[in-house]
Amino acid sequence: MAERLELRNLVIESDTPSTTSPITPNVTSSPKTQIKVLGLLLAAISSLFFSLSSLIVKWLKDIDPFELAAIRFVGILLPSLPILIYTKQNPFPKGQRFMLLLRGIAGATAMSLIFYAIRHMPLADASVIVFSVPVIVAIFARIFLKEPCGLFHYITLFITMIGVLLITRPPFLFGHSTKQYNFLGPLAALMSTFFAAIVYILLRALKNLHFSVIMVTFSAYAIIQTSIMAWATGNLCWPKCGTETILVIALGVFSFSGQILLTIATQLEEAGLVAIARTVDVVFAFLWQIIFFNEVPNIFSIIGAVLVTSSVVMIGLRKWMMSMPSTSSIRKKFGFLFL
């Protein structure tokens, strides 16, 4: 799930210019249009797989979330290691080992917190908070990479903060008793967004490395960290035979399938549009929460989800417009988005 958050951030922040030829009147029969529709469809299906992975994490109550994170990292390591060997990459490149270590720490911590949040708060609420990462990334990119961050980014950040407050409903604002409020789940979800944003910043610094180097070193370290965390809490155990084993395997299959489909989608379609298509992840999360856990979201969660998702959609639209030629009428019409 953490790598899901990393690729999502990379997708949203991509500013690669579009090389698409001018649109002709017969767009419905254009091969290029068919490829774009396929890209959006694959992005939506990848969201389905990722949401099913979150559902499994929520469902497996007898397995510690840290252990589930470790199992997920094994699923990252196994397919990445043969690629590293085949391409003859150095897994410990000189001069970048410390950055790789920091990336491993941030990535492992982000996923562990996400899994913990999913376990200790409503599935949809946790998914929406995690989904706000792209907004946080824009601020971090300004601080650490000195990238432009104008009025548009601050507006989306403000909208996102309001949405997150409505979802978490802290006692000092909503007045309910602290004895009835479990702050650990929302706190873990919020902290995961900051670590996920740090992951993106580190990936930008490591962009010259082959992806297999990053994935292998990251997953190898993360397996160690999450296994130690599960052992330290006394919850490290082998999944029971039967349903638990099947769900654990499904967790790896769904996560890997979602990652592959998302990768293909980003190759077929503009970055901003893929990010918008991924918003169905939130819809799936609400559906699973109602169907499998009989938890109907309240009005605050719904409004908060709309606000957070709207911010991500606006960022996606902005990136899509930035990929257009400077002479584009759409880009000129919505020039205020580039402030």
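Scan segment 98-110 and tell me whether some residue there is more than 18 Å from the chain's Cα centre (by Cα), open to solvent by 70 Å² or more (accessible area, probe 1.4 Å), at negative phi and at pLDDT 90 or above.
Yes, because at least one residue in segment 98-110 is more than 18 Å from the chain's Cα centre (by Cα), open to solvent by 70 Å² or more (accessible area, probe 1.4 Å), at negative phi and at pLDDT 90 or above.
Being without any contact (Cβ under 8 Å) to a residue 60 or more places away in the chain, over 29 Å from Glu147 (Cα atoms) and not charged (D, E, K, R) narrows it down to one residue among Ile56, Ile71, Ile85, Ile118; which is it?
Ile85
Do we find that Phe66 is under 28 Å from Arg119 (Cα atoms) and not polar (S, T, N, Q) in this structure?
yes
Return yes when Ile302 is modelled with pLDDT of 90 or more and part of a helix (DSSP H, G or I) and no when it is not.
Yes, satisfied.
Determine the pairs where a residue that is touching a residue at least 24 places away in the same chain (Cβ under 8 Å), located within segment 91-115, has a partner that is open to solvent by less than 10 Å² (accessible area, probe 1.4 Å) and of a type in the set (Asp, Glu) with Cβ atoms under 6 Å apart, the partner being 6 or more residues away or on another chain.
Going by the 6 Å Cβ cut-off, there are no qualifying pairs.
Inside segment 263-278, can you point out the residues that are modelled with pLDDT under 70 and within 14 Å of Phe49 (Cα to Cα)?
Within segment 263-278, just Thr263 meets the criteria.
Give segment 44-75 a look and list any residue that's outside any loop (DSSP other than H, G, I, E, B) and touching an Asp or Glu at 6+ places or on another chain (Cβ under 7 Å), or say none.
Ser47, Phe50, Ser51
Out of all the residues in segment 231-248, which are open to solvent by 70 Å² or more (accessible area, probe 1.4 Å) and in a helix (DSSP H, G or I)?
Passing the criteria: Trp231, Ala232, Thr243, Ile246.
Which of (1) within 15 Å of Ser51 (Cβ to Cβ); (2) over 18 Å from the mean Cα position of the chain (by Cα) is the odd one out, the single condition Ala285 does not satisfy?
(2)
The values are calculated or read from the model by the stated rules, or taken from the named source; none is laboratory data. Given the structure is predicted, the values throughout are model-derived calculations rather than measurements. With ideal geometry, Cβ positions are generated from the backbone for all residues, glycine too; neighbour counts draw on all protein chains shown. Heavy atoms of the whole protein, side chains included, go into the accessibility calculation; ligands, DNA and RNA do not. Shrake-Rupley method; radii C 1.70, N 1.55, O 1.52, S 1.80 Å.
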